[in-house]
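K.L.:
Sharing a structure, written as structure tokens. Questions coming.
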Amino acid sequence: MTTTIIKTTTKILTPLILVFGSYIILHGHLTPGGGFQGGAVFASGLALLIVANKYETVKSLFEKAPLSVLESIGAVGFLGMACLGFAGYTFFKNVIANSGFLLFGGKTPSGINPGYLNTGGTLPYMNIFVGMKVLAGLTSIILVFFLIMRRERDEW
Amino acid sequence: MRTSLGLLAFIGFTLFLLAAMISIRPFGEPPHREMDDWFITHAQIESSANNVVTSIVFDYRGFDTLGEATVLFTAVSGVLMVLRRKEGMKK
């Protein structure tokens with residue numbers, strides 16, 4: 001699987017795919033997409049990186065990658081953003097929206113507008129946390145499959 | 001006997017599906033549209049986001065997304081638990 005064509009294509013395509021995934025996650029409250037979709041795109045870029053490299057390279061690349069930490073941070077952060085609604089309201093209440101908070105607390109003008117990044121309240125936070133969680137989960141599944149398949153092929 | 005029974009069941013189920021298809025509502029006319037109109041008119045102001053789908057998924061129906069995230073977490077931890085090797089392969 002590691003021919004020169006695939007290696008060269010990976011070098012060109014992987015940064016673009018990762019940037020596109022980050023864009024989908026960060027603009028989840030303005031454009032189509034969101035945490036799940038952007039995380040899946042990001043994880044597909046990392047999967048391309050995984051399948052186009054040798055076993056030792058992948059192992060040294062992803063040995064320090066804090067995938068389980070990212071997954072846990074995503075889950076706990078999502079629940080924490082949901083629990084912010086307990087400050088006077090109910091679970092999953094969007095308390096930051098229209099409150100003038102520094103990050104993502106701006107007001108959205110009603111009607112047709114070009115979309116402002118500094119709006120959305122808790123939605124961008126939840127998008128970021130869910131995207132982190134999805135990319136860590138899918139990447140770790142692909143990584144485990146890849147490592148075990150490669151290991152058994154070496155044992156044959 | 002078996003064949004005729006199967007044929008009978010097939011014809012009956014086909015008639016049922018045809019009747020359901022004839023009596024279906026036309027496209028774009030749901031029986032209750034109050035909630036849709038509420039989302040379309042109020043989502044941009046209440047949750048301050050242009051993307052109404054995201055504001056429904058993460059704000060109005062956050063519990064659904066919480067369950068989805070839990071399903072994904074369970075799937076990932078199950079795969080990692082089943083496919084774990086003894087001498088520390090870092091996942």
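The values are calculated or read from the model by the stated rules, or taken from the named source; none is laboratory data. All values reported here derive from a predicted model rather than from experimental measurement. Cβ atoms come from the backbone with ideal geometry, glycine included; neighbour counts cover every protein chain shown.
K.L.:
Being under 14 Å from residue B:47 (Cβ atoms), facing chain B (nearest Cβ under 9 Å) and either crowded, with 20+ Cβ neighbours inside 10 Å or in contact with a Pro (Cβ under 7 Å, 6 or more places away or on another chain) (or both) is the requirement here; does residue A:120 meet it? Steps first, answer last, please.
P.N.:
Working: under 14 Å from residue B:47 (Cβ atoms): yes; facing chain B (nearest Cβ under 9 Å): yes; either crowded, with 20+ Cβ neighbours inside 10 Å or in contact with a Pro (Cβ under 7 Å, 6 or more places away or on another chain) (or both): yes.
Taking the combined requirement at face value, the residue satisfies it.
K.L.:
Right, next: Could you list, in sequence order, all residues of region A:51-79 that are in contact (Cβ under 8 Å) with a residue 12 or more places away in the chain and of a type in the set (Ser, Thr, Tyr)?
P.N.:
Residues satisfying the conditions are A:55, A:68.
K.L.:
Exactly one condition in (1) assigned to a helix (DSSP H, G or I); (2) surrounded by 13 or more Cβ atoms within 10 Å (Cβ to Cβ) is not met by residue B:67; state its number.
P.N.:
(2)
K.L.:
Next up: Residue by residue through region A:113-128, note down the ones that are out of contact with any His (no Cβ under 9 Å at 6 or more places or on another chain) and either among the basic types (Lys, Arg) or in a loop (DSSP other than H, G, I, E, B) (or both). Even if it seems obvious, please write down each step before you answer.
P.N.:
Kept after step one, since they are out of contact with any His (no Cβ under 9 Å at 6 or more places or on another chain), are these residues of region A:113-128: A:113-114, A:116, A:118, A:122, A:125-126, A:128.
Of everything in region A:113-128, those that are out of contact with any His (no Cβ under 9 Å at 6 or more places or on another chain) and either among the basic types (Lys, Arg) or in a loop (DSSP other than H, G, I, E, B) (or both) turn out to be A:113, A:114, A:116, A:118.
K.L.:
When you go through A:47, A:43, A:52 one by one, which is the residue that is of a type in the set (Gly, Ala, Ser) and either closer than 28 Å to residue B:51 by Cα or touching a Pro at 6+ places or on another chain (Cβ under 6 Å) (or both)? Explain how you work it out, then say what you get.
P.N.:
On the way: A:47 fails: either closer than 28 Å to residue B:51 by Cα or touching a Pro at 6+ places or on another chain (Cβ under 6 Å) (or both); A:52 fails: either closer than 28 Å to residue B:51 by Cα or touching a Pro at 6+ places or on another chain (Cβ under 6 Å) (or both).
Only one candidate qualifies: A:43.
K.L.:
For residues in region A:38-65 being surrounded by fewer than 19 Cβ atoms within 10 Å (Cβ to Cβ) and assigned to a loop (DSSP other than H, G, I, E, B), which is nearest to the other protein chains (Cβ to nearest Cβ)?
P.N.:
So, considering only residues that are surrounded by fewer than 19 Cβ atoms within 10 Å (Cβ to Cβ) and assigned to a loop (DSSP other than H, G, I, E, B), the one nearest to the other protein chains (Cβ to nearest Cβ) is A:63.
K.L.:
I would also like to ask the following. I'm checking my understanding of the structure. Among residues of region B:46-62 that are of a type in the set (A, V, I, L, M, F, W, C) and more than 7 Å from chain A (Cβ to nearest Cβ), which one is farthest from residue A:136 (Cα to Cα)?
P.N.:
Residues of region B:46-62 of a type in the set (A, V, I, L, M, F, W, C): B:49, B:52-53, B:56-58.
Of the ones still in play, those that are also more than 7 Å from chain A (Cβ to nearest Cβ) are B:52-53, B:56.
Details: B:52: 26, B:53: 24, B:56: 24 Å.
Looking at residues that are of a type in the set (A, V, I, L, M, F, W, C) and more than 7 Å from chain A (Cβ to nearest Cβ), I get B:52.
Here is a yes/no grid of residues against (1) under 30 Å from residue A:10 (Cβ atoms); (2) touching a Leu at 6+ places or on another chain (Cβ under 8 Å); (3) of a type outside the set (Val, Ile, Thr):
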{"residue": "A:58", "(1), (2), (3)": "yes, yes, no"}
{"residue": "A:85", "(1), (2), (3)": "no, no, yes"}
{"residue": "A:91", "(1), (2), (3)": "no, no, yes"}
{"residue": "A:96", "(1), (2), (3)": "no, yes, no"}
{"residue": "A:99", "(1), (2), (3)": "no, no, yes"}
{"residue": "A:103", "(1), (2), (3)": "no, no, yes"}
{"residue": "A:118", "(1), (2), (3)": "no, yes, yes"}
{"residue": "A:126", "(1), (2), (3)": "no, no, yes"}
{"residue": "A:137", "(1), (2), (3)": "yes, yes, yes"}
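K.L.:
Based on what the data block shows, is residue A:18 more than 27 Å from residue B:40 (Cβ to Cβ), in a helix (DSSP H, G or I) and without any contact (Cβ under 8 Å) to a residue 24 or more places away in the chain?
P.N.:
On the way: more than 27 Å from residue B:40 (Cβ to Cβ): yes; in a helix (DSSP H, G or I): yes; without any contact (Cβ under 8 Å) to a residue 24 or more places away in the chain: no.
Taking the combined requirement at face value, the residue does not satisfy it.
K.L.:
Scan region B:73-85 and report the pairs whose first residue is more than 19 Å from residue A:73 (Cβ to Cβ) and whose second residue is modelled with pLDDT of 90 or more and surrounded by 16 or more Cβ atoms within 10 Å (Cβ to Cβ), with Cβ atoms within less than 6 Å and a gap of 6+ or a chain change.
P.N.:
B:79/A:141
K.L.:
Checking the conditions here, which among A:68, A:99, A:72, A:110 is of a type in the set (Ser, Thr, Tyr), over 19 Å from residue B:58 (Cβ atoms) and assigned to a loop (DSSP other than H, G, I, E, B)? Full working, then the answer.
P.N.:
Values: A:68 fails: assigned to a loop (DSSP other than H, G, I, E, B); A:99 fails: over 19 Å from residue B:58 (Cβ atoms); A:72 fails: assigned to a loop (DSSP other than H, G, I, E, B).
Within the list A:68, A:99, A:72, A:110, the selection yields A:110.
K.L.:
Right, something else. Listed residues B:43, B:49; which is free of Cβ contacts under 8 Å to residues at least 24 places away in the same chain, in contact with a Leu (Cβ under 7 Å, 6 or more places away or on another chain), surrounded by 16 or more Cβ atoms within 10 Å (Cβ to Cβ) and of a type outside the set (S, T, N, Q)? Before you say what the answer is, go through the steps one by one.
P.N.:
Details: B:43 fails: in contact with a Leu (Cβ under 7 Å, 6 or more places away or on another chain).
So the residue among B:43, B:49 that is free of Cβ contacts under 8 Å to residues at least 24 places away in the same chain, in contact with a Leu (Cβ under 7 Å, 6 or more places away or on another chain), surrounded by 16 or more Cβ atoms within 10 Å (Cβ to Cβ) and of a type outside the set (S, T, N, Q) is B:49.
K.L.:
Could you list, in sequence order, the residues of region A:1-32 that are surrounded by 23 or more Cβ atoms within 10 Å (Cβ to Cβ) and either touching a Leu at 6+ places or on another chain (Cβ under 6 Å) or of a type in the set (Gly, Ala, Ser) (or both)?
P.N.:
A:21, A:28, A:29
K.L.:
To continue, here is another question. Let me confirm something: among A:105, A:21, A:33, A:80, which residue is more than 8 Å from chain B (Cβ to nearest Cβ), out of contact with any Gly (no Cβ under 6 Å at 6 or more places or on another chain) and either among the hydroxyl-bearing types (Ser, Thr, Tyr) or over 18 Å from residue B:69 (Cα atoms) (or both)?
P.N.:
Working: A:21 fails: out of contact with any Gly (no Cβ under 6 Å at 6 or more places or on another chain); A:33 fails: either among the hydroxyl-bearing types (Ser, Thr, Tyr) or over 18 Å from residue B:69 (Cα atoms) (or both); A:80 fails: either among the hydroxyl-bearing types (Ser, Thr, Tyr) or over 18 Å from residue B:69 (Cα atoms) (or both).
Only one candidate qualifies: A:105.
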